[in-house]
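All of the numbers you see were taken from the coordinates with simple rules; none came from a lab. Quick caveat: nothing in here was measured; it's all calculated off a predicted structure. With ideal geometry, Cβ positions are generated from the backbone for all residues, glycine too; neighbour counts draw on all protein chains shown.
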Amino acid sequence: MRIYCPECDSKARIATREEISRQFVKLYCQCTNGHCGQRFVMQLTFSHALLGPSSPLDKLLFDRLREMPSKERRTLFDQLESVTVADRSA
């Protein structure tokens, strides 16, 4: 995603971000043009899904996976992979 300065149209960078919710983030930006130096806030929001989960169960599963700490999620995926490999060799 490219961000441009609203003042001079030069490229800008995201200095920090503030996650208000999973669907709304404030981006604190800074112009990269040394003569401008504008600092500004942009808002990044979720609009809508183009393709939703195939079933309510899928949505529930994906929501639960997102909420899991990454270490627990990795352990779960490793366990699932070992079961799949064992099934193939049987």
May I ask for the net charge around Lys26, where only other residues with Cβ less than 10 Å from the Cβ of Lys26 are counted and Lys, Arg are +1 while Asp, Glu are -1?
-> -1
Pairs of Cα atoms farther than 17 Å apart, the chain, % | 69
One finds the C-alpha centres of segment 61-76 and segment 11-35 to be spaced, in Å, by 28
Size of electric dipole in the chain: Cβ of Lys, Arg +1 and of Asp, Glu -1, about Cα centre, debye, nearest 20 = 240
Going by Cβ distance under 4.7 Å, what cysteines of the chain have no possible disulfide partner?
-> Cys29
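Nearest 500 deg cm²/dmol is fine: what mean residue ellipticity at 222 nm does the chain get from its DSSP H runs of n ≥ 4 alone, each adding -39,500 (n - 2.57), divided by its residue count? Provide the component values of the computation, followed by the final result.
Numbers: 2 runs with 32 residues, N = 90.
Only helices count here, giving -12000 deg cm²/dmol.
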So what's the angle, to the nearest 10 degrees on a 0 to 90 scale, between helix 56-67 and the longest Cα principal axis of the chain?
-> 60
Length-normalised contact order of segment 1-46 in % [C-alpha pairs under 8 Å, at least 6 apart] = 32
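Using Cα-Cα distances under 8 Å and only pairs 6 or more residues apart, what relative contact order does the chain have, in percent? Could the numbers behind the result be given before it?
On the way: 89 pairs, mean separation 14.7, N = 90.
Over the chain, the number comes to 16 percent.
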Once both axes come from the Cα atoms, what is the angle between helix 70-89 and the longest principal axis of the chain, in degrees from 0 to 90, rounded to 10?
-> 40
